[in-house]
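What follows draws every value from the coordinates through simple rules; no lab data is involved. Remember, it's a predicted structure, so these values are computed and weren't measured experimentally. Positions of Cβ are backbone-derived with ideal geometry, glycine not excepted, and every protein chain shown enters the neighbour counts.
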Amino acid sequence: MPCRQLQRGNSPKLHDQVNQEMNDLVSPSSQPFLQDPTLVRNLDRMAEVSAGPVYNSLTEPVSPSSSENSIVVEDGTVKVKRKLGLVSGTALIVGTMIGSGIFISPKGVLAGTGSVALSLIVWVSCGIISLFGALAYAELGTMITKSGAEYAYLMEAGKGLPRWIAPVPAFLFSWVSVFVLKPCLFAVISLSFGIYAVEPFYHGCEPPMALIKLLSVICICLVAAVNCYSVALATRVQNFFTLAKLMAVGVIVLGGFVMIFRGSTEYINEGFEDTSRDVSSIALAFYDGLWAYDGWNNLNYATEELKNPYVNLPRAIMLGIPLVTLCYLLTNLSYLAVMSKETLLASNAVAATWGAEVLGAAAVLIPIFVTLSTFGAANGSCFTGGRLVYAAAREGHLPEVFSYIHVKKATPLPSLLLTTTVAIMMMIPGDIFSLIDFFSFAAWLFYGATMGSVLVLRYTRPDAPRPYRVPTVIPVIVLIISCYLVMAPIIQQPRIEFFYATLFILSGLLFYVPFVLFNVKIKFLEPFTTFIQCALEVAPSRYAPPE
């Protein structure tokens, strides 16, 4: 029977007839017929696509028999089982924070501080700021256990505002993140993968940009395929590449400390020599350092897939971010053990320069390490970006079909495909790094708004259960830092691009007013949703609170 016959909008008589036939099939008197495997498969397929009529007729919730499946079907919708444990959650944080930046160009911090000692202090301070922000997110994530991170928290905090304006902050966040921030980050990380994948074959000369972009697009598609196929596979990939990048950091740290024990401490002993006295320059050093730590909030995007989030979310944060901070500190010490400030500032690929000094012929390992690192970071970026689209669509801020998940694999297939498509579109034209620069201040704008949400929810919902409660001073500190990081680049280097970026953020209201506030329906979306359901085998999902 064609799946379109089970969709809304078809003949009511036909729909009732189909439902009656289904009810007859699943009645107790007809149980012997259900022994027919072909009949069971067809029944399941129609039920999956229609996402309601058959499952609503069953007296007991239906759960896939295979232990590999990650879904439970109940009340006509699909809910996801929790697959991420403490190790996988920590790997997601570490794997998305450590990308290509620490291997390629940590010189922004050194250029802003002017001295070795202050640059190391800034690296540690950025780790502490990231930890503070993540701990505030841990309170929100254990109180509001929905996926979507900032989006979910801004939605909850906005409920104290008038109804017509309550969803606006969350909507604008999803607007900017879905169509710019998340795809751009995915694309930039994949572009770094392409650059270092071809580097060993074009040593000493410029590789063709077309080849780099081709490999970058292949990386995007491969990562998307992994995430679309299975949550379990995506987490295994993340765990493996996180281990690989920690091994890469370990090689650099070990090599650097061997040099230190041999007496190569000349550059480290410079200490605070040439320390910058320019406050704005030091502030920009913090900005560069915090950019390298970006990703500390990524586990909050997948809270609904985290086992025992009340315990594992804070623990993963407390394990992951200090580990990354330690890696960054030791890696910079290793660089400075063999490179002067002048050499480091002149290098566009610090790890490669370090490898040539320390590893000799084995320096070819560095591009391999960076390639592994960027692939793992791309996997984490795709994983979290898809969950944001999924969460926004479930609240009605994107077409409903993007909130559907695959009925067997339990992956948010439509939302992952949207994120992948936008990332590829941004990859093809050219310079996406400038786009990231002009919109990066928007990320801290929403980080600050989320810190404000902690304080707002303390006031509006004081009695709500908070399995983890962060000291009030922590979100206040991060809120102040966020405000500064939003305003600093605009005040210090005002450019017309920041105005354009602000206009883009506000332009989301052009879609919010008709489609969210006044709930205007687009007629062609219903047949489009039906087509996507049939083609991708996806069904509506619902939020399942942790037990």
- Given the Cα-Cα distance of Ala210 and Leu233 and 0.36 nm per residue of separation, how much length would full extension add, in nm? 5.3 nm
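Please list the three semi-axes, largest first and in whole Å, of the ellipsoid equivalent to the stretch 441-547, using sqrt of 5 times the eigenvalues of its alpha carbon gyration tensor.
For the stretch 441-547, the ellipsoid semi-axes come out as 34, 27, 13 Å.
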- Message: Beyond a 21 Å Cα-Cα separation, which of these cross-linked pairs lie in this structure: Lys409/Lys523; Lys307/Lys409; Lys408/Lys523; Lys182/Lys409?
- Response: Lys409/Lys523; Lys408/Lys523; Lys182/Lys409
- Extension length gain for Cys221 and Ile121 (0.36 nm per residue less Cα distance), in nm, is 32.1 nm
- Note on the structure: Between the alpha carbon centres of the stretch 98-133 and the stretch 466-517 the gap in Å comes to 23
- Note down the nm distance, to one decimal, between modelled labels 7 Å out along Cα→Cβ at Met487 and at Phe511. 3.1
- Message: Highest mean first, how do 506-514, 398-406, 533-541 rank when packing is the count of other Cβ atoms within 10 Å averaged over residues?
- Response: 398-406, 533-541, 506-514
- Note on the structure: Here FRET efficiency (C-beta to C-beta, Ala356 to Tyr459, R₀ 51 Å, nearest 0.05) is 0.35
- Message: Please compute the contact order of the stretch 183-304 in relative form: average sequence separation of alpha-carbon pairs under 8 Å and at least six residues apart, divided by the residue count, as a percent.
- Response: 16
- Note on the structure: The extension gain from Leu503 to Asp274, computed as 0.36 nm times the residue separation minus the Cα-Cα distance, is 78.4 nm
- May I have the convex hull volume per residue, in Å³, for the Cα set of the stretch 268-426? 191
- Note on the structure: Other residues with Cβ under 15 Å from the Cβ of Val350 give, with Lys and Arg +1 and Asp and Glu -1, a net charge of -2
- Item | Convex hull (Cα only) mean projected area of the stretch 360-512, reported in nm² to one decimal | 15.2
